[in-house]
Structure formats: structure tokens, C-alpha cells
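This report concerns only the one structure given below.
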């Protein structure tokens, strides 16, 4: 069940935290920003579409990096703060609280995308021209939503055990690799493709590239195919996360681990 | 002096116990190793796709293997100040006779062990999976270079960590430094690729010298040939430790004046 | 104020914490925290759960507030099962745990209340006024827009209370509401709790302060090692020691050995020793204090006794007899 009011309240709460001390966004966006900038340096001699590829992929990685740090930290922060129980005793579903925060944090990941665009435009002289502006915006929003939902899945695990932070760190970089955001998926070994295909970011990045880079369609799906798969994987993860929250909250309440940080 | 060593040991022990109180050794190991592996793999894939002869996949893999030291030696040490404030133990520690410098030295000692382990395994990954050829490397020289790099980087981490006694920002600085090395230290591409005005910044980071020294050893250089780089790293490291000692004292006094020990 | 209706019904409630799961090695033993506890709370009363640290008070309250699932037994609040009906129950109750944690320290007091008001779906039209009323009620009007990290301990506790009232709960659970507070703030907190009860709210609180339980509670249960040792009004508890008298000894160098020796004397029900700065205060619950004083004095002749006197039994003595007595 999604409680829109709780989502809105936690979105607002997370934004207040950001504006009170904006420097705290740095740990979440620095990794993808640096990764993308390094990628730009490595691609610089190739020029043209390859650089644009890197810029778009970097934007997706930026959103992902911020989402995973903050979705896991969201519950971790509540544990540390002692507010996890205070939230769980309210009628608001915890999943909605986490979703609101993930949405804000993915949105904040757009800052990373913006930073990457600025570096690309001014430091590397890349002409970031979007072929299909509306398609680009829709794809960006869909990717943002999909990453937020993925963040919820991770957030759910953090309810039951604080050791989940280790899982998140384990999963952050694999998604950088498996999403094929800054290089074609075909460059990855065959055995890794199924993992790539279940990640919404894979399809979101593809839709972004199709709407930006003329003639790009590496998987032969077209824009609507890629967008559709983004939506499909997002819905699947949303359902998984809602179930996970119910199940894992129950586990936490049996084990009595809500207060431990 | 003896009491200070006791403080160093106690701090290192606490660091180790806290680490394994949250995640067990197996999960922690998986976390450390998968981070190193996937980061390396990411840049290898990018380099392979880019096809730049100046930054081949093996070049990138070796650089990333050495940079695995940063996570423990710099980030791990830097984060300690923020962590102590988080938990609320900073003020308690300050009230003891043990100076903050020695507390962090203990954490640095613990993180050094972790760092050396991680970099050894990362070099193994680089050699096994990503085409790095270490068959001609002088192992004594390699060990010396890695130890010197670790020494200098822990000193660097302590300088940054000292800020955390006074300000909230050490965790942020730690995050920046953690990843900036990938861009500035010749890890993924030669420093000459950077704009001329940015290149001097590379030499502030001990990692720059460490990466170069490891590349030289992998190419067949012996201890004598890397001695100048070793000397630089040891000197820089010593300077960082001295700076850290002074800074910890300074920031301790400032924090006590401002009352920022509990503010996180 | 005691109504007739029962709003909390607890029957054979038990909680065993599982051993921690580990991939390798032993994660420790299971822990029996609450052992077949049963009690009722009537509408409008202040019901206390009194016991030492680790007695099972917080565990019990968490099971009632849907934060912990019991191992066995049942707990219902306002006719709703705390395990099966958490969604229906939560809008009607609230829990104040207190302490330094439990608030968003980077937000202001007002922002904290706004957030929790939304969590409780407080009607939008009345939310702002409600928050202002609560801030005024707990004396945080001036500090409403200051970040919580700058609040004193007492201010944080008051904000906790305000947060606990944001949804006008029918039942308010308070876990150690005055723990760590100075006497003045504690007094104000207790006055507020009393006022809320007079206005019809049912309150269940946990505490290990005897005087607080004595002063506030209409009824209380004494819990120790997960088991309820006694239940009743503070008056009836004190009645249980009415025929006892107390020998109070102030001395130096009293320890466990002396406590044991004193416990073994005939007619002694319980002995407590409180360790103060440079001395100890011991209270002996006995059926005939004046008769036993010579024996006690002889027993302690090698200890540095400052004073020995006879006193009237208090709730604390009843508690000691019930929890530690023979």
C-alpha cells in the first residue's frame, strides 16, 4: 500500500535535511561524478557520440549512486537516530516513508547529471544536443522513478539488519557495470546479461541514449520498447519491495532489532 | 610514551571489534573484495571500449588495484572522527589522558592491515582477470612500495581526519578524497591527460607516487630503481604524520572552545 | 479518573528474543524477556509498570505498541489485537520513548512535529494550529524554530511528549518518561501526565522511580525478570508492608556480605543497600524493628555505622520486599 501523504512528508523531510546542510549530498554523488569524469577522459580521443554516451550514462549512474546511498542510509539514519521505532508506531507504511526519501534522493542525483553535463560541455567541449527533448525528459523521469524503487528494495533489508549496509556497498558498483550505462552491454560476458536485463537502469539508460544520440538503438528495441521495459521492471521491483517491507518488518519485530544501530 | 602506545593498541582493538560487531568477517570480506573487483572491472570495461593505447585495460587494472589502499588507509581513518561523533564517544575520549592523535593512530594501524590485505587481493584480481603481468616483478620491491604507500596514505588520512574533531565535514572530505584519487593520481590514465593547471594537484596525493612505483616494479624495476619514489613517500608520510600531530592538538582545542564535540 | 471499560487486555504475554543468527559460530542464547505476563488497564487510568532495568518493561510496552511480536500470549488495545491489527491500532495510540534519541536533530522542533503529524494523518486544516498548541503546552514556543540539536535534554523530552500527543491518542504509552531529567522538568512532566489523565486519556507508563509510580499511578504492576510479582494500587502495595517496619542504617563499608548476613536474621523480609558517594544506605524490612536493632548493631559493630533508625515503610520498601525478598 502506498500512502501519498507519508511519501510527501518524507520527501519534504529529506529535502529539509539537504537544505540545512547541502554538503552531505557530496558523499552520495562524488563516486558517479568521478567515474563519469574518468570515463570522459578515457573517451576523449574518440569524441562525438562516444562522449555523449558517457555523459548520459554518467547521469544515470549519478542517480543510482545517490539513491543507493540514501535509501540504505535512510533507514540506517533512523536507526542511529532512534527514530525508526517512532516512525513504525505511526499508521504510515514504512515503505511509503522510504519511497518518499528515495524519490528525493534520486531527484538529487539529477544534480550529478547536471554537473556531468557542465563538465562535458565546458571542459570537454561536447555538444550535448538532445534529439528528442520530450522523449528525453520522459526517459529521465522513468529512470529516476525506477531507481527510487530499486532503492526501496535495499531499504527494506535495512529494516531487519544493520548489516545490510554491507550488501548495498557490494551492490553499488556491480550495477555501474551491469547497467551498461557507459559502455554497450554487448561488451559484457554473456552470463552477466540476465542480471543486466532485470535492472531498470539498463533500460532507462537505453531510452535516454535513443532519445539523445542519433541512430542509437543498440538492442533493437526502439525508444518505446526501452521505456516499456523500464516501466515493467519498475513495477516488478515496486511489488517486490512492498512485499519485502511487510515480510522484513515482521522479521524485525520478532527479532527485536529495530533499535540496534 | 608507554601509555600512548597502550592508547594506540586499545583504539586499534576497538576499531576491529566494532567492524565485526555489525557485519561478520565473511560478509565484510565479500564487501571489501567485491568493491575492489567491480570498481576495477568497470574501468577496465570503459578502457576496453575506449581503445586508448595510453590507457589500456591492464594499465587501468593495475592502477585501480593500488588505489584499493585508499578505501582503508585514507577513507577508513578519515571517517573515524565522524563515527566517534555519531556514536557520541568523541567527548568521552577527549576526557581521557590519551591524546586524540594516538587514538587515530590506532585506527590507522588497524586500517593499514586491512588496506594491505585489500591491495594484495586486488593485485591478484588484476593479474588473474585483467591481464596485468606481475611475473617479472621483484616481490621485495613490491612489498616495500606498497608499505611505503600505505604509510604515506594513512598519514594523509590522519591529516584529513583531524578536521573531523572540530568540524562535521571530515566524512565529506573523506568521500571526496576517496574518489578524487581515481581522477588525479594516474590510476586510470596518465597524469599528462589532465589540464596543465590541474597536474600539480596530483602530487599532493601519496597515491600518485605509489601507483607510479608499482607500475615501475611491475615493469621489472628493482628496489634500487624505485628507491627515489620510496624516499619521497616516506618523507611525505612522515610530514603528514607530523602535520597530523599538530593539527589534532589544534583542532582539539578549537572543538573544546566551540563545544562541537557532540555535533554531527 | 477510572472508567469501567477495559482498554488494554494482556494474557500470558511472553517474549523470547531469538539468538542472533550468524553464518559461523554461536550467536549467543535465546533470552526470555517477558514471561507469561497478564494484566488489564481500564479507560482513563494511569497504569504503571515498575521494575529494575532489564525487567521486561520496555519489551512489554513494545509488544503493546505493535513494535514487537510476542512469542506467545495475547495483547489487545482498544479491542484491537496488537499483532493482527496494527494498521487499525496505530492511529489511536502513541508511544513516547524519550531520551536523547528519537528526534530528527537537524530539523527544528516544529518541523519534527509537522513530519509526525503527517505520519499520523492529522487533518490538514487543523495541523498547524494543533502543532502550535502542543508547542505551547510543553513550553517550547520560543524554541519551536530552533534545530533540535541545540535543545537541552529537558527540551528534547518535552518535544518527545508533544510528538506523543500529535494524534490525540486514546492510549498513550510512556517508556521511562522522566529518565535523566532534572527535578524541575520531571515535576512538570508528571504534572502534564496527570493533566492528560484527568482529561480522559488512558496512560500506561514504565518507570523504575518509586516515587513517580507512587505519585502518578492509579494502579501498577511490579515486574522483575519478566514476571509480574505484584499488582495493585500504590496504596494496596504499601499495605503489604503496613505491618512491617523499617530499620534504616547509614554506614560505611557495607557490602554484599553484610546484606546477606542481615537477610539471614530472623523476621527480616528483605534488605536493600543503596551506594551513595562515600557511604551506604541500607533499609531492612522486618516485622519488629525495635526488637531487632540490638542484633543489627552487634552484627555491624566493626563497620563504620553513622546512624541506625526506625522508619515507616514506603512503596520502595514494598517493591524491595516483592522483588528481592525471601
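The table for this structure:
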| read-out | value |
| --- | --- |
| Segment C:53-106, residues that are more than 7 Å from chain A (Cβ to nearest Cβ), more than 30 Å from residue C:324 (Cβ to Cβ) and part of a helix (DSSP H, G or I) | C:86, C:88, C:89, C:92 |
| Meets criteria (in contact (Cβ under 8 Å) with a residue 24 or more places away in the chain, surrounded by fewer than 19 Cβ atoms within 10 Å (Cβ to Cβ) and over 24 Å from the mean Cα position of the chain (by Cα)) for residue C:153 | no |
| Any hit, segment B:163-172, residues being within 14 Å of chain A (Cβ to nearest Cβ), farther than 30 Å from residue C:106 by Cβ and in a loop (DSSP other than H, G, I, E, B) | no |
| Among (1) more than 27 Å from residue C:186 (Cα to Cα); (2) part of a helix (DSSP H, G or I); (3) within 24 Å of the chain's Cα centre (by Cα), the one test that residue C:285 misses | (2) |
| Residue satisfying condition, being more than 10 Å from chain A (Cβ to nearest Cβ), surrounded by fewer than 18 Cβ atoms within 10 Å (Cβ to Cβ), over 15 Å from residue B:40 (Cβ atoms) and at pLDDT below 95, within set B:201, B:221 | B:201 |
| Yes/no for residue C:196 being more than 14 Å from chain A (Cβ to nearest Cβ), surrounded by 14 or more Cβ atoms within 10 Å (Cβ to Cβ) and either farther than 21 Å from residue A:86 by Cα or in contact with a strand residue (DSSP E or B) (Cβ under 9 Å, 6 or more places away or on another chain) (or both) | yes |
| Subset of segment A:179-196 [modelled with pLDDT of 85 or more and at the interface with chain B (Cβ under 9 Å from one of its Cβ atoms)] | A:188 |
| Matching residues in segment B:215-224 - criterion: being part of a helix (DSSP H, G or I) and more than 24 Å from the chain's Cα centre (by Cα) | B:224 |
| Test: residue in segment B:156-178 that is within 19 Å of residue B:59 (Cα to Cα), touching a residue at least 12 places away in the same chain (Cβ under 8 Å) and under 16 Å from the mean Cα position of the chain (by Cα) | no |
| Condition met for residue C:260 (closer than 30 Å to residue C:301 by Cβ and assigned to a helix (DSSP H, G or I)) | yes |
| Total residues in segment A:107-138, condition part of a loop (DSSP other than H, G, I, E, B) and under 20 Å from the mean Cα position of the chain (by Cα) | 0 |
| Number of the condition not met by residue C:183 [criteria: (1) without any contact (Cβ under 8 Å) to a residue 24 or more places away in the chain; (2) more than 10 Å from chain A (Cβ to nearest Cβ); (3) more than 19 Å from the chain's Cα centre (by Cα)] | (3) |
| Answer residue from segment A:74-100, given it is farther than 19 Å from residue C:121 by Cβ and without any contact (Cβ under 8 Å) to a residue 40 or more places away in the chain and is surrounded by the fewest Cβ atoms within 10 Å (Cβ to Cβ) among those | A:81 |
| Within segment B:41-55, tally of residues that are outside any helix (DSSP H, G or I) and under 24 Å from the mean Cα position of the chain (by Cα) | 1 |
| Hits in segment A:13-48 - residues which are free of Cβ contacts under 8 Å to residues at least 24 places away in the same chain and within 11 Å of chain C (Cβ to nearest Cβ) | A:16, A:17, A:19, A:20, A:21, A:24 |
| Check on residue A:41, modelled with pLDDT of 85 or more and over 19 Å from residue A:96 (Cα atoms) | yes |
| Residue B:194 within 14 Å of chain A (Cβ to nearest Cβ), within 22 Å of residue B:61 (Cα to Cα) and surrounded by fewer than 21 Cβ atoms within 10 Å (Cβ to Cβ) | yes |
| Count of residues meeting criterion [surrounded by fewer than 15 Cβ atoms within 10 Å (Cβ to Cβ), touching a strand residue (DSSP E or B) at 6+ places or on another chain (Cβ under 8 Å) and over 28 Å from residue C:73 (Cα atoms)] in segment C:208-247 | 0 |
| Among residues of segment A:122-137, those that are at pLDDT 80 or above and either out of contact with any helix residue (DSSP H, G or I) (no Cβ under 7 Å at 6 or more places or on another chain) or farther than 19 Å from residue A:206 by Cα (or both), counted | 4 |
| Any chance residue A:170 is farther than 22 Å from residue A:40 by Cβ, facing chain B (nearest Cβ under 10 Å) and not in a loop (DSSP other than H, G, I, E, B) | yes |
| Any hit, segment A:58-74, residues being in contact with a helix residue (DSSP H, G or I) (Cβ under 6 Å, 6 or more places away or on another chain) and within 14 Å of chain C (Cβ to nearest Cβ) | yes |
| Test: residue in segment C:122-136 that is buried (at least 22 other Cβ atoms within 10 Å of the Cβ), within 14 Å of chain A (Cβ to nearest Cβ) and either closer than 15 Å to residue C:67 by Cβ or under 22 Å from the mean Cα position of the chain (by Cα) (or both) | no |
| Single residue of B:58, B:65 found to be within 20 Å of residue A:171 (Cα to Cα), modelled with pLDDT of 90 or more and more than 10 Å from chain A (Cβ to nearest Cβ) | B:65 |
| Residue that is nearest to residue B:71 (Cα to Cα) [pool: residues in segment B:122-138 that are surrounded by fewer than 17 Cβ atoms within 10 Å (Cβ to Cβ) and touching a helix residue (DSSP H, G or I) at 6+ places or on another chain (Cβ under 9 Å)] | B:124 |
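The values are calculated or read from the model by the stated rules, or taken from the named source; none is laboratory data. As the structure is a prediction and not an experimental result, all values here were calculated from the model. For neighbour counting, all protein chains shown are included, and Cβ atoms are generated from backbone atoms with ideal geometry for every residue, glycine included.
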